[in-house]
Structures are given as structure tokens and as C-alpha cells.
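Below is one structure, written out as C-alpha cells, with a few remarks after it.
The values are calculated or read from the model by the stated rules, or taken from the named source; none is laboratory data. The model shown is predicted, which means the values in this text are computed figures rather than measured ones. Reconstructed Cβ throughout: ideal geometry from the backbone, glycine too, with neighbour counts over all protein chains shown.
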Amino acid sequence: MKKKRENRKLKKIKGFTMQFLPYSEIKNLDSDERIKKILKIVLGNSILILQGKLKPEEESRLIGDTMAMIEHVPNFKGIELAVIAGNGNEGFFGKIKHNIVNTLSGGEIGAITIIGPATIVKEIKRDPKKIELMLNK
Amino acid sequence: MAIKVFKNFFKRIFTGLFKGKKDIKLGFYGPPNAGKTSLANRICKDFTGEEIGSVSKIPHETRSVQFKEKVEIEYKGKKMTFKMIDTPGIATKIDYEDFLKYKVGKKEARIRAKEATQGVIESIKWLDDMNVVVIVLDSTQNPYNQVNITIIGNLVARKIPVLIVANKIDLKKSDVKKIESAFPEYEVVGISARKGENLEEFYESVFKLAKKVK
């Protein structure tokens, strides 16, 4: 009986994939190409785990492009987006270290960005100490 | 003769100064249903007698940018003139089925969803044109929402002064401290736009912020 229930659970999570994108994959891309790459993954029904984070203007552009796509792509309802980064309370030396690492890597690689299609990801609940990915049934 | 020349000289300087001074563009940004239009309405009603737009419990009631020109706000004897810009709520997803819960017909829900997506695009485009922005958040909701962080990040990148308003303090679930701890670098003012609570502190903060506009 227990085994049966486990099998049913496995079937339920069969509809999506998670894709990890290292920062090096988008480092040399311009904003247009970055957003295009991200949306291509999300439209393929994958949850994207991106190393690093986008610039604020890229994030707002991503939201704008997502809105434009809702009308044109059947069954696409938008995205869920969350960035997990340091809270900026690392102190003076911590900040210097953080800036050096970012300068050397060419981006904020200490952060993680999660982007998923709204049809799969119902909500990304964030609290200062935890992050929860709620999936649609 | 010398006095007349002197008078004309000053007159020209001062007229030029005031002619060039435009109204401060005050934008209201935030997620849907946070109370942006309620707050803008409250201010407009108090100082012009007219409202800026309609409010509703249904999310995305404001689906296009709304303006009110020449709103002269008076606070403690000081006056400042603003162009009020109320923007549609910014969201990362819009599903027409969500509107059906509010007893909206299917056809109307689809139209509403389509207009709401365009409204989000319009709001984002308007970010560049603001002088000062008030971010209106619902203090009964979790503030750790990426949309809020994205809006603030964009304003900081554009060097636009920001004030965070924690609205709906009249509700039991309201938690202004949670908003303060989510955005420790910004001034947070708790208000109730619906009941007009704590607006004095809000006006004081808006005046302080408006002075930063170059």
C-alpha cells in the first residue's frame, strides 16, 4: 500500500525539469540575449536555477517581456521569480571581499536566481531565512 | 533710471526661474491590490476635490497609467505642486482564471487579463519618467516579494528617491515592522489610505523626498 502511494507521488512530479545555468553561460551575453535564453528555458517548462542575478533593468525587462508573451504563447501565464542573495549585513571587510569576488567574476555570482513558469510554480515563498517553492498540482 | 533697470533685471531672473520649474512627478508603484489608487485618491481628493481613479477588491483594477496634474499639497504652511502618476500593479504572472473568483464573467476576465499585462508593461516603461516614487505595499502581506525588490532596484539604479508606504495599518494582520526589516535602507511610513490614518507623517516624508529632486 505504502509502495503504491510512493509510486503515485513519483508520477505527480513527472511534468517538469530543473535546469542549472552557470553564470559563465550568460556572462558575455548582452541583456537581450540573456532574457531570450532565460525565457527559452522557462517556456520549455523548466525551472531555471541561475547562478548569479540579473541587473535590475534586466529583471524589469524580463517581467515586461513575460507580460508580452502571455498574450502570444498559448497556456503561458507568466513566471515566478526569486533572487536569493546576501542581505548586505556582512560588515565592511565582508563587503570589500564581496566586491572583489564580483569584480573578478564579472557579475554577482554569490546570488542564485530561480525562475519558473507560473503553470508549474505556484509561488516562491521567501522569508529572510528560508525559501519555499510551491508547485501547482 | 538705475532703479528701473535693477527692477527689470530681477523680474527677468525670477520669472525665468519659476517658468522653468516644472511640477514634481510623483509616481505610485507597487504590486496589485496594495492600495496605490486609494492613496492617490485620498491625496487628490484632499487637495483638488477630485479622485484619480476607481478602486476595487479585484486585482488589476488600474490597468493603465492615470494622471492628475497640478496637485498642490500643503503641509505645515509649505506648498509643493505635483503631477500625480498612479500606475498599474506590477506582477510577474497574470491568469484570467484568477478573476473568475471575483464573479467576473469569462469574457470580461480575459479582457481584464489582457489589459492587465499591457498595464504592467506601461508601468515599467514609466519608471524612467518619475522624479519621486512612493512604493505602496500591503502591510498584511509578505514583503519579501521579488517584484518589490525589482522595482526598488530599478529606482535606485535610476537615482530616483524612494519612499515605502506600508498601507492597510487599520487591518489586524498588518505588520509594518516586517516591511521595515525587509527594507532597512529605506524610510517606511505606515498608513491607512482607506481610513486616512497617519497621512501627516506621509506628507512630511514626501516633502523631504521631493526636496532631493534636482
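Couple of notes before you dig in:
- Subset of the range B:71-91 that is surrounded by fewer than 18 Cβ atoms within 10 Å (Cβ to Cβ) and hydroxyl-bearing (Ser, Thr, Tyr) - its residue that is farthest from B:Ser205 (Cα to Cα): B:Thr81
- Residue in the range B:112-124 that is closer than 30 Å to B:Pro184 by Cα, at pLDDT 95 or above and in a loop (DSSP other than H, G, I, E, B) present: no
- Which listed residue is in contact with a helix residue (DSSP H, G or I) (Cβ under 9 Å, 6 or more places away or on another chain) and closer than 23 Å to A:Asn75 by Cβ, from B:Val71, B:Val55, B:Val120, B:Val65: B:Val120
- Residues that are out of contact with any Ser or Thr (no Cβ under 9 Å at 6 or more places or on another chain) and acidic (Asp, Glu) do occur in the range B:160-183, at least one of them.
- Residues that are in contact with a strand residue (DSSP E or B) (Cβ under 7 Å, 6 or more places away or on another chain) and among the basic types (Lys, Arg), drawn from the range B:167-208: B:Lys168
- The range B:145-169 - residue that is within 10 Å of chain A (Cβ to nearest Cβ) and in a loop (DSSP other than H, G, I, E, B) and, of those, nearest to the chain's Cα centre (by Cα): B:Arg158
- Within the set B:Pro161, B:Pro143, the sole residue that is surrounded by 16 or more Cβ atoms within 10 Å (Cβ to Cβ) and either more than 23 Å from A:Ala82 (Cα to Cα) or of a type in the set (Lys, Arg) (or both) turns out to be B:Pro161.
- Residue that is basic (Lys, Arg), facing another protein chain (nearest Cβ under 9 Å), free of Cβ contacts under 8 Å to residues at least 40 places away in the same chain and closer than 16 Å to B:Asn33 by Cβ, where the choices are B:Lys125, B:Lys114, B:Lys93: B:Lys93
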